[in-house]
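Trainee: Take this structure first; my questions come after.
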Amino acid sequence: MRLRLGRSAVVLTVISAAVAVGVSLGPSLSEVNAQTASFGETSTVGALFTVTSSGRLQDHFCTASVVDSPGGDLILTAAHCLAARTPDEVAFVPDYSEGQEPFGAWTASQFIVDRQWTSSSDPDDDFAFLVVRQAGAKSGVQTLTGGEAVGVGVAPGRTVKVAGYPNAGDALISCENTAGEFSPTQYQFDCGGFTDGTSGSPLLADVGAFSDTVIGVIGGYEQGGDTPSVSYAARFSTRLAALYQRALAAARR
């Protein structure tokens with residue numbers, strides 16, 4: 001469990017903002033690259049913080065990352081990270097490191113969670129989107145950090161880079177390894193140090209100067225894992241694709 005109360009042969013299908021405006025989300029979906037900054041230089045990854053009623057940041061408790069959207073205001077995390085929280089209690093700080101907030105804090109205005117997760121906490125649906133805003137900002141967070149493309153139906157065996165924020169530290173950790181098969185619906189990722197707080201960390205494939213593709217987030221089975229060296233993530237499915245469409249529509253309002 002990464003959050004405690006208080007933390008190929010298959011064609012890669014990439015969904016981008018262009019998909020949500022009139023392109024069918026079916027098996028024939030064509031690949032689209034999202035604009036993004038190079039991982040590790042200007043990171044799409046950030047920490048989720050609890051926020052006081054006066055807007056002051058408290059502790060970070062999970063990890064999230066910016067995904068491509070027309071408004072540039074969508075982030076992705078694990079659904080279990082949002083349990084018993086409301087949007088006004090959560091803020092996203094991209095590229096956070098040891099108290100530094102290079103792009104400031106972005107407050108959540110909406111949670112978009114899969115209905116299967118809401119009704120039964122199905123580990124195959126342990127993912128959620130958040131719409132984030134920053135007072136006075138003229139554009140979305142994506143203009144500062146870049147945004148990841150979203151990969152659906154990606155077979156195990158891909159090399160991925162994973163980054164997150166353990167509760168016990170105050171800086172990003174990252175590791176590169178294979179997203180192996182734990183079950184037909186879940187990836188397994190073996191790397192040390194991914195303790196409480198790293199739920200929601202994106203599994204990034206195709207990392208490069210022009211596009212990062214997120215194919216899962218730490219969560220799912222055992223809400224991401226019960227040991228620091230073995231993590232799990234639900235493979236993004238057609239339900240994730242539908243949820244992404246819902247999130248894009250919500251963000252445009």
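The values are calculated or read from the model by the stated rules, or taken from the named source; none is laboratory data. Treat the numbers as computed from the prediction; the structure is a model and nothing was measured. Virtual Cβ from ideal backbone geometry, glycine too; neighbours counted across all protein chains shown.
Trainee: For the stretch 207-242, enumerate the residues that are part of a loop (DSSP other than H, G, I, E, B), at pLDDT 90 or above and under 19 Å from Phe61 (Cα atoms).
Mentor: Scanning the stretch 207-242 gives a single hit, Gly219.
Trainee: For the stretch 235-249, how many residues meet the condition of being of a type outside the set (Gly, Ala, Ser) and buried (at least 19 other Cβ atoms within 10 Å of the Cβ)?
Mentor: 6
Trainee: Return the total of residues in the stretch 109-136 being surrounded by fewer than 24 Cβ atoms within 10 Å (Cβ to Cβ), touching a helix residue (DSSP H, G or I) at 6+ places or on another chain (Cβ under 9 Å) and of a type in the set (Gly, Ala, Ser).
Mentor: So the count comes out to 2.
Trainee: Now for a separate question. Looking only at the stretch 178-205, count how many residues are assigned to a strand (DSSP E or B) and not polar (S, T, N, Q).
Mentor: 11
Trainee: Being over 16 Å from Ala47 (Cα atoms), buried (at least 23 other Cβ atoms within 10 Å of the Cβ) and either β-branched (Val, Ile, Thr) or at pLDDT 90 or above (or both) is the requirement here; does Val141 meet it?
Mentor: For Val141, the condition - over 16 Å from Ala47 (Cα atoms), buried (at least 23 other Cβ atoms within 10 Å of the Cβ) and either β-branched (Val, Ile, Thr) or at pLDDT 90 or above (or both) - is not met.
Trainee: Looking at Gln186, Gln116 in this structure, which one is at pLDDT 90 or above and either closer than 26 Å to Thr50 by Cβ or more than 14 Å from the chain's Cα centre (by Cα) (or both)?
Mentor: Of the residues listed, the single one that is at pLDDT 90 or above and either closer than 26 Å to Thr50 by Cβ or more than 14 Å from the chain's Cα centre (by Cα) (or both) is Gln186.
Trainee: In the stretch 127-165, which residues are assigned to a strand (DSSP E or B) and small (Gly, Ala, Ser)?
Mentor: Ala128, Gly146, Ala149, Gly151, Ala163, Gly164
Trainee: Run down Ala179, Ala205 and say which single residue is buried (at least 21 other Cβ atoms within 10 Å of the Cβ), of a type in the set (A, V, I, L, M) and either farther than 23 Å from Ser69 by Cβ or in contact with a Cys (Cβ under 6 Å, 6 or more places away or on another chain) (or both).
Mentor: It is Ala179.
Trainee: For the stretch 112-141, enumerate the residues that are of a type in the set (Phe, Trp, Tyr) and under 14 Å from Gly200 (Cα atoms).
Mentor: Selection gives Phe127, Phe129.
Trainee: Can we say Leu172 is farther than 15 Å from Tyr232 by Cβ and surrounded by 24 or more Cβ atoms within 10 Å (Cβ to Cβ)?
Mentor: It is false that Leu172 is farther than 15 Å from Tyr232 by Cβ and surrounded by 24 or more Cβ atoms within 10 Å (Cβ to Cβ).
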